[in-house]
1. Restricting to the range 1-56, name every residue that is at pLDDT below 85 and part of a strand (DSSP E or B).
2. For the range 21-41, give me the residue count where each residue is crowded, with 20+ Cβ neighbours inside 10 Å and over 14 Å from residue 78 (Cβ atoms).
3. Looking at the range 155-196, which of its residues are farther than 19 Å from residue 42 by Cα and in a strand (DSSP E or B)?
4. Let me confirm something: among 221, 205, 191, 249, which residue is within 20 Å of residue 163 (Cβ to Cβ) and modelled with pLDDT under 95?
5. Please list, ordered by residue number, the strands (runs of 3 or more DSSP E) wholly in the range 200-280 having 2 or more residues that are free of Cβ contacts under 8 Å to residues at least 24 places away in the same chain and surrounded by 15 or more Cβ atoms within 10 Å (Cβ to Cβ).
6. Answer with yes or no whether residue 151 is in contact with a helix residue (DSSP H, G or I) (Cβ under 8 Å, 6 or more places away or on another chain), in a strand (DSSP E or B) and modelled with pLDDT of 95 or more.
7. Condition first: in contact (Cβ under 8 Å) with a residue 12 or more places away in the chain, part of a strand (DSSP E or B), under 30 Å from residue 193 (Cα atoms) and in contact with a helix residue (DSSP H, G or I) (Cβ under 7 Å, 6 or more places away or on another chain). Can you find one or more residues in the range 107-120 that meet it?
C-alpha cells in the first residue's frame, strides 16, 4: 500500500489477549543500530495513530539519525518520518535521543535529554528522495529511488531539567490538558519530574507548575490522569516496574512492564496505557488495559 506521498506502509504484528502487543516484522526487532524510545498517540491524516520514536547510532555509540514510526492501530501498519534540523539552509539528521514524545495536533514535542524539548511541525511533513533521504536516515544505501518523509524542527525549548522523557496530562474526565510531565532518567533515586504548561505564541516557553522527586531510580516515562500519575522504571534485562499514584506517594503496581521499558502514553478513549521495550529480540510496543491496573 502506498500512502501518503508514495511512502510504503509496512506491517506490524498485533496480538490481543489481556494486553495489545505490537511487534516489528523487520530487522528493527533485533538491530543494534536503531533503538525505540518514546511513545504517544495522535491523529495522522484522520486516522488514530501511535507514534514511536527511534534513534540510530553506530556500534561505537556515535549518533546518526532519529525518526518517528507512525502506527495505524486499526490496520496494523506503520510508516517512518525522519526528524531533521535545518543548518545553513541544509537539512541535517536531528542529533536527538528522542527519549519521549508528546503529540498535540500538528505539534510534536520530543525529549532532547540535555538540550531541552524540541518541537517538530507534523503539518509540514514533506517527501525527500535520493542522497538527502539516505543522509537524514543515517544510511549509506545506494539508489536514487530511495524516498522518505521528513519533519523539520521548528523550535528548541530550554527546560531546567535533564529532559529524558516527556508525557501528556489529562483531566479526571479524560480531557487532554495543555500540560506535560518532563522527567529525568537517573541511575540513582535523584531523578525529578516537573509539570509544565505548553508554550504559547512565537516567544512562549514551557512554564513550570510544580516539581517532585519521587525517589525512584531509572525512571523512563511519566503521564498523569487526574490526580493519578504513572511512572515507568526499567531494570536492565528484567521486566520493568509501573508506579502509580500521586507523584509524592507512588506505589508499585503488580502489573509488570516489558523488559527494557521506556516511555509511557495514555489512551483513555480505548482504555490503554502504552509503553515499549527497547532491547533487541525483546522489542514490543504494549498496550496495557487500564482495567487491569485496578483504577
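The values are calculated or read from the model by the stated rules, or taken from the named source; none is laboratory data. All of these numbers come straight from a predicted model, not from anything done at the bench. Note that we place each Cβ from the backbone using ideal geometry, even for glycine, and neighbour counts take in every protein chain shown.
1. Answer for the range 1-56, where residues must be at pLDDT below 85 and part of a strand (DSSP E or B): 2, 8, 10, 11, 12, 13, 14, 15, 16.
2. 4
3. 155, 156, 157, 163, 183, 193, 194, 195, 196
4. 205
5. 238-245
6. yes
7. Within the range 107-120, one or more residues are in contact (Cβ under 8 Å) with a residue 12 or more places away in the chain, part of a strand (DSSP E or B), under 30 Å from residue 193 (Cα atoms) and in contact with a helix residue (DSSP H, G or I) (Cβ under 7 Å, 6 or more places away or on another chain).
Matching residues to (1) surrounded by 19 or more Cβ atoms within 10 Å (Cβ to Cβ); (2) at pLDDT below 95; (3) farther than 22 Å from residue 63 by Cα:
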site: 103; (1), (2), (3): yes, no, yes
site: 127; (1), (2), (3): no, yes, yes
site: 136; (1), (2), (3): yes, yes, no
site: 158; (1), (2), (3): no, no, no
site: 166; (1), (2), (3): yes, no, no
